[in-house]
Amino acid sequence: MDEATKNSILRRLEFARGELADLREYVNLDYETYSRERMIRRNIERMIENICNALTDVGKIIIAQEDGEMPETYREVFLKLGNLGFIDEHLATALARVTRLRNVLAHQYLDIKWQYVREFLVRDSKEAEKFVEKVENWLDDGT
């Protein structure tokens with residue numbers, strides 16, 4: 001992998017780590033606050049979208065390095081990383097599930113969004129962190 005590609009991945013990982021760190025502030029958020037506080041809701045939803053986009057971009061770069069055949073959807077990016085053996089099946093499935101959240105945030109009612117946002121805050125953000133760590137280890141191993 002050339003240095004520019006590695007740096008591109010590192011920038012995206014750093015951005016994702018920053019968003020994940022900021023999101024931790026809201027891990028105990030309740031529905032009442034989420035529904036009432038528009039700025040909090042907007043910030044949380046945007047951070048989750050940013051995380052999903054950054055991790056998907058990283059996944060695409062890895063696929064381009066490993067295989068070259070690019071999946072058509074965000075969901076398929078993580079499933080393909082699982083198929084390539086880059087990440088385990090559990091992580092691939094969890095991250096594929098997170099990509100669904102992008103659509104939910106844009107198109108669903110507040111109470112439906114909350115269910116997915118809450119899952120991300122308490123469960124899926126940890127999966128995102130695992131992916132960031134996996135990629136950082138992969139880069140450290142000299143790939």
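In the range 7-50, what count of residues is obtained for those that are of a type in the set (A, V, I, L, M, F, W, C), in contact with a Phe, Trp or Tyr (Cβ under 9 Å, 6 or more places away or on another chain) and more than 15 Å from residue 131 (Cα to Cα)?
4
Can you tell me how many residues in the range 10-63 are under 18 Å from the mean Cα position of the chain (by Cα), more than 14 Å from residue 98 (Cβ to Cβ) and either small (Gly, Ala, Ser) or not in a helix (DSSP H, G or I) (or both)?
Matching residues across the range 10-63 total 3.
State yes or no: is residue 124 out of contact with any Cys (no Cβ under 9 Å at 6 or more places or on another chain), touching a residue at least 12 places away in the same chain (Cβ under 8 Å), crowded, with 16+ Cβ neighbours inside 10 Å and of a type in the set (Asp, Glu)? Working first, answer last.
On the way: out of contact with any Cys (no Cβ under 9 Å at 6 or more places or on another chain): yes; touching a residue at least 12 places away in the same chain (Cβ under 8 Å): yes; crowded, with 16+ Cβ neighbours inside 10 Å: yes; of a type in the set (Asp, Glu): yes.
Here the answer is yes, as residue 124 does meet what is asked.
Can residue 119 be described as free of Cβ contacts under 8 Å to residues at least 40 places away in the same chain, surrounded by fewer than 19 Cβ atoms within 10 Å (Cβ to Cβ) and closer than 19 Å to residue 14 by Cβ?
No: the conditions fail for residue 119.
Could you check how many residues of the range 64-103 are part of a helix (DSSP H, G or I) and charged (D, E, K, R)?
8
Bear in mind these aren't lab numbers, they're just calculated from the coordinates by the rules spelled out. Quick caveat: nothing in here was measured; it's all calculated off a predicted structure. In this analysis, Cβ positions are derived from the backbone assuming ideal geometry, glycine residues included, and neighbour counts consider all displayed protein chains.
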